[in-house]
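What follows is a short report on a single structure.
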Amino acid sequence: MIGVYGGTFNPIHYGHLRTALEVKSLFNLEQLRLIPCRQPPHRDQPDVSGQMRLEMLQIAINGVAGLVADSRELDREGPSYMVDTLMTLLQEFPDQSIVLFMGADAFLGLEKWHRWQQLFDYAHVVVMTRPSFTVEFRSEFLQQRVVVQREALENKLAGCLFFQAVTPLDISATQIRQIIATGGNPQFLLPDAVLAFIRQHQLYQAAPLTTGH
Ligand code: ATP
């Protein structure tokens, strides 16, 4: 099984990294591919280039076996639709089944994703949750796909929805960007080497105040 973990990663932080490592081990994944999106379809364009977000990701997972930085969405023109990404992965790894991982916040917006129902034609979907998470289904389509045993994913190539509790780390990239923009220190929310890269390239600094005419 190959895992897919998409995101803006602006910047990557320990919330991403810890959950990535946990699901790689829980699902016995051969590899977990972290895929920064080029142009997030549901949000404003990030002010840090895809290349830099990818570099931070590479720095963060350097030397961690099984975690792979995958630039396919940055290499592709136009918006990053996960359904297209899964199709290209299936072409590349025809003998593997694919598991798409997302946080509970991303899952709440799933029905807004481009051709979202087709995601289940290509992959299983696993939602990484807090231990106390309870889901309210908005659609029968999703409800029908739920499996309660992790092992059930091995019996089918795609199409299942599973909820996996992971260690909750209440860290967000937004919080890190805000800390930096206001002159604070985000150390220990993300790897030191990523922070050094951010400092070196002066990322996430507050825009200088304009002084009128
Ligand atoms: P932002 O604050 O800019 O929205 P983010 O920290 O939420 O960013 P993304 O790159 O948007 O990070 O998230 C990519 C994926 O990682 C999503 O599926 C999201 O749910 C998940 N994720 C983000 N932060 C955490 C966290 N602390 N714990 C578990 N999953 C997370």
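On a C-alpha basis, how far is the centre of region 109-131 from the centre of region 61-78 in Å? Whole number, if you could? So the two Cα centres are separated by 20 Å.
Each residue of region 117-131 was assigned a 3J(HN,Hα) from its phi angle through the Karplus expression (A = 6.51, B = -1.76, C = 1.60, θ = phi - 60°), giving 5, 6, 3, 6, 6, 9, 8, 7, 10, 10, 9, 8, 10, 6, x Hz with x at Gly and Pro. Taking the Cα centre of the chain as origin and assigning +1 to Lys and Arg Cβ atoms and -1 to Asp and Glu Cβ atoms, the resulting dipole is close to 320 debye.
The packing ranking of peptides 88-98, 185-195, highest mean first, is 185-195, 88-98, where packing means the average number of other beta carbon atoms within 10 angstrom of each residue. Pairing the Cα long axis of helix 14-26 with the longest principal axis of the chain, what angle in degrees results, from 0 to 90 and rounded to the nearest 10? For 14-26 against the chain, the angle is about 20 degrees.
For the chain, taking Cα atoms only, Rg and Dmax work out to 17.7, 67 Å respectively. For region 68-75, putting each phi into the Karplus relation 6.51 cos²θ - 1.76 cosθ + 1.60 with θ = phi - 60° gives couplings of 10, 7, 10, 9, 4, 6, 6, 7 Hz, in residue order, rounded to whole numbers and with x for Gly and Pro.
When Tyr14, Tyr122, Tyr5 are compared by accessible area at a 1.4 angstrom probe, the order from most to least is Tyr14, Tyr122, Tyr5. Descending by average beta-carbon neighbour count within 10 Å, the peptides 200-206, 155-161 line up as 155-161, 200-206, the highest first. Here each label is just a point 7 Å from Cα along the line to Cβ, and for Glu111 and Thr88 those points are 3.0 nm apart.
Once C-alpha pairs closer than 8 Å and six or more residues apart are averaged by separation and normalised to the residue number of region 40-170, the relative contact order reads 22 percent.
Amide H contacts of Leu32: Gly3, Leu67, Val68, each under 5 Å away and 5 or more positions distant or on a separate chain (H built 1.01 Å from N in the peptide plane; Pro and chain starts excluded). Placing R0 at 45 angstrom, the Cβ-Cβ distance between Leu157 and Gln58 gives a FRET efficiency of 0.90 after rounding to 0.05. With θ taken as phi - 60° and the Karplus curve 6.51 cos²θ - 1.76 cosθ + 1.60 applied, the whole-hertz 3J(HN,Hα) list for region 159-168 is x, 9, 10, 9, 10, 10, 6, 10, 5, x Hz, x standing for glycine and proline. Annotation: amide H of Ser49 has no partner in the under-5 Å range at sequence separation 5 or more or interchain, hydrogens built in the peptide plane.
The values are calculated or read from the model by the stated rules, or taken from the named source; none is laboratory data. Small disclaimer: the values here were computed from a predicted structure and weren't measured. So basically every Cβ, Gly included, is an ideal-geometry build from the backbone, and we count neighbours across all protein chains shown. Surface accessibility is based on the protein's heavy atoms, side chains included, excluding ligands, DNA and RNA. Shrake-Rupley method; radii C 1.70, N 1.55, O 1.52, S 1.80 Å.
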